[in-house]
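In what follows, a single structure is set out as structure tokens and then discussed.
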Amino acid sequence: MTDQNKFDYILQQADNCLILGQRLAEWCGHGPILEQDIALTNISLDLIGQARLFYQYAAEIQGEEKTEDDLAYLRDAWGFKNVLLVEQPNGDFGFTIMRQFLYDTFSCYFYEALMSSSDERLASIAAKSHKETLYHMKWSADWVIRLGDGTVESHNRVQQALNELWSYKDEIVIETSADSDALAAGYGVSLAELKEKRDAKITAVLEEATLSIPEGTYSHKGGKEGVHSEHLGYILADLQFLQRAYPGNEW
Amino acid sequence: MSTELLEQKFNEKIDQEVRIEPKDWMPEKYRKTLIRQISQHAHSEIVGMLPEANWITRAPSLRRKAAALAKVQDEAGHGLYLYSACETLGVERDDLLADLHSGKAKYSSIFNYPTLSWADMGAIGWLVDGAAIMNQVPLCRASYGPYARAMVRVCKEESFHQRQGYEIMLTLCKGSEAQKKMAQDALNRWWWPSLMMFGPTDADSKHTEQSMRWGIKRFTNDELRQKFVDVTIPQAEILGLTVPDKDLKWNEERGHYDFGEINWEEFFNVISGNGPCNKQRIDARKKAYDDGAWVREAANAYAEKKAKKKVA
């Protein structure tokens, strides 16, 4: 391993992308409107694509002839560094939309800042991903507004989703040692600056959606350090099944 | 213009291979036949998403996962342009979906079979998409313009899916014993249902003659089935897999493969609702539609509010 900290830093975002992409893939064929089924699958596909770019880079840093698939398929839950937000079950369409919105408002500003990373490889992955994420954030924000300001039922459902997810929104902007070391070394992103922009965006969209902003300030955390919810074990059982059942094969 | 004269003009266009467009006069039966066929095709695309979606979360590598997502997304896209082509004939998508959910409208029976292993993702691409292409390429020349144009795009993507499926099979067949077994098992289960995709024999096909007269159909079911067998057997040989038909042999005189009798009892059973997954597939579609009702209502309510604000 040439750079343990950079490796950990990259995995944080790679795992966010993979796990959320995996969750969105569960929607495939079951969306509420054909056009939105396509949108959910499309975002899932973008996220898997982003995960691959990060894993490929992380595998090179790791050396030992590892590949993207070793990182995705052969680590157990404690090795994953994604935030708890992205492993939350899909719930109804409103819950999925709110989870997506709370993630997109992070990732969009994260990539925007990472484009100025001193690490050229990270900067180029960020540039590509930022374009995709701008579209994701537009889509999820539009749906938050549409559902929030739609019918009484849709308003109540999406408000309920917001209340439940509120305590999961901040883990992603709380610094770990990987985050602070990355920032100090010049290839990372300032989460404090990001949080300001992100919070302003969240507030603006929720207001337009006529939703009430929850008052709670408590934040669940642990995911970035490998301590997850019970959900992740099942996600990995599904995701890793073939690689675990038939080890060492080409697919 | 009298109906007879209109019909005569319509037939002249068909004979001269001039495309019929949405605003042209057409016989009511032609319109109904098209709605039945195009909507059946659209339904097949969206029901067909389900057996493959079943393996997306378990795809064995990130590359395969991305390809599987892209493939199922293409199918949703095909559903979308086929429903749109259907709407040019004066029907609404919601009404077509209601017919699918009630069982009035059919979809391709092949999707009533389960996907039991990863190799099924290969077999579906190779055989099911392969058979679909045989059926669909001639439709790019169908007499109805919007249908023909939709099919050009569908066929391009299907042929990519077919190669991708075959490549999954090839990788498995070059792999471990367990992987080869998986591939053979998939071929055993998907071979006969794939041959059934061409529909009943010509003698029993009630729609073929009229559809050929109208230029909606270009080849008979049996012609297409034979073509599929002839193309696919050499591909199975390259894989080193055994096609599960003891009567299969090359007929030098005919210049085609002879093959065994299809189990028509199974075919008609699956069509009439007794396939292994008929209930699950329709239940899944209905659930998606019913669970989505509040979302569609919200989208409409919001759009109306916006429109009112614009006027005000």
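Readers should treat all values here as calculations from the given coordinates under stated rules, not as data from a laboratory. Model, not experiment: these values are computed from the prediction. Cβ: placed from backbone, ideal geometry, glycine included. Neighbour counts: every protein chain shown.
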Longest chain B segment clear of trypsin sites (Lys or Arg not before Pro) sitting in DSSP loops (not H, G, I, E or B) with at most 12 other Cβ atoms within 10 Å runs B:105-205
Scattering profile of chain B from the Debye formula, Cα beads only, expressed as log10 I(q)/I(0) at q = 0.08, 0.09, 0.11 Å⁻¹, is -0.41, -0.51, -0.75
Relative contact order (percent) for the range B:3-311, with alpha-carbon contacts under 8 angstrom and 6 or more residues of separation?
-> 18
Provide the gained length on full extension for the span B:Lys106 to B:Asn300, in nm with one decimal, where the gain is 0.36 nm per separating residue minus the Cα-Cα distance.
-> 66.9 nm
When Cβ neighbours within 10 Å are restricted to other protein chains, what is their mean count per residue of peptide A:147-153?
-> 6
A:Asp3 neighbourhood, Cβ < 11 Å, K/R = +1, D/E = -1, net charge -3
Number of Lys pairs (Cα under 15 Å; 8 or more positions apart or on different chains) in the range A:4-245 | 10
Two-site FRET efficiency, A:Ser180 against B:His207, from Cβ-Cβ distance with R₀ of 51 Å, rounded to 0.05 | 0.15
For the range A:53-60, just list the computed ³J(HN,Hα) in residue order, Karplus coefficients 6.51, -1.76 and 1.60, θ = phi - 60°, integers in Hz, with x standing in for Gly and Pro.
-> 4, 5, 5, 4, 5, 4, 5, 5
Residue among A:Phe54, A:Leu211, A:Phe93 farthest towards the positive dipole end of chain A, charges placed on Cβ = A:Leu211
Phi-derived 3J(HN,Hα) across the range B:288-297 with the Karplus relation (6.51, -1.76, 1.60, θ = phi - 60°), rounded Hz, x for Gly and Pro, is 4, 5, 5, 5, x, 4, 5, 5, 5, 4
Assuming a viscosity of 1.306 mPa s and a temperature of 10 °C, what translational diffusion coefficient in µm² per second does Stokes-Einstein assign to the range B:136-256, Rh being the Kirkwood radius over Cα pairs?
-> 96
Label-point separation (nm) for A:Thr217 and B:Glu266, each offset 7 Å from Cα along Cα-to-Cβ?
-> 6.7
In whole angstrom, note down how far apart the Cα centers of the range B:249-287 and the range A:15-73 are.
-> 35
Taking each residue of A:231-244 in turn, how many C-beta atoms of other protein chains fall within 10 Å of its C-beta, and what is the average?
-> 2
Built amide H within the under 5 Å cut-off of B:His256, gap 5+ | B:Asn251
Magnitude of the Cβ-charge dipole of chain A, K/R +1 and D/E -1, about the Cα centre, nearest 20 debye?
-> 220
Cross-link reach from B:Lys180 to lysines, straight Cα distance under 22 Å and at least 8 residues apart if same chain, gives B:Lys65, B:Lys246
FRET efficiency for B:Lys174 and A:Lys195, using Cβ-Cβ distance with R0 set to 41 Å, rounded to 0.05 = 0.25
Would you please give the FRET efficiency between B:Lys9 and B:Glu252, computed as 1/(1 + (r/R0)^6) with r the Cβ-Cβ distance and R0 = 51 Å, to the nearest 0.05?
-> 0.60
Which residues' amide hydrogens lie under 5 Å from the amide hydrogen of B:Tyr144, considering only partners 5 or more residues apart or on another chain, with H built in the peptide plane?
-> B:Ile20
Residue among B:Ala301, B:Ala203, B:Ala131 with the largest mean-square fluctuation in a Gaussian network model of chain B, springs linking Cα atoms under 10 Å = B:Ala301
Grab the eigenvalues of the alpha-carbon gyration tensor for the range A:4-245, scale each by 5, take roots, and send me the semi-axes largest first in whole angstrom.
-> 28, 21, 16
Kirkwood-based Rg over Rh for the range B:43-107 (C-alpha set), two decimals?
-> 1.09
With no solvent and one equal point scatterer placed on each C-alpha of the protein assembly as shown, evaluate the Debye formula and give log10 I(q)/I(0) for q = 0.12 Å⁻¹, two decimals.
-> -1.19
Rounded to the nearest 500 deg cm²/dmol, what is the calculated helix-only ellipticity per residue at 222 nm for chain B, with -39500 (n - 2.57) per DSSP H run of length n ≥ 4?
-> -21500 deg cm²/dmol
Before rounding to the nearest 500, sum -39500 (n - 2.57) across all DSSP H runs of length at least 4 in chain A and divide by the residue total; then give [θ] at 222 nm in deg cm²/dmol.
-> -22500 deg cm²/dmol
Shape call for the range A:173-236, from the Cα gyration tensor axes a ≥ b ≥ c (a/c under 1.5 means rounded, otherwise prolate when a/b beats b/c, else oblate), comes out oblate
Return the sequence-ordered ³J(HN,Hα) values of the range A:121-136 in whole Hz as given by the Karplus equation 6.51 cos²θ - 1.76 cosθ + 1.60 applied to θ = phi - 60°, using x for Gly and Pro.
-> 5, 5, 4, 6, 4, 5, 4, 5, 5, 4, 4, 5, 5, 4, 5, 4
Full-stretch length increase - B:Gln235, B:Lys23 - with 0.36 nm per residue and alpha-carbon distance subtracted = 71.9 nm
Spatially proximal lysines relative to B:Lys104 (Cα-Cα < 27 Å; intrachain offsets below 8 disregarded) = B:Lys29, B:Lys32, B:Lys206, B:Lys217, B:Lys279, B:Lys286, B:Lys287
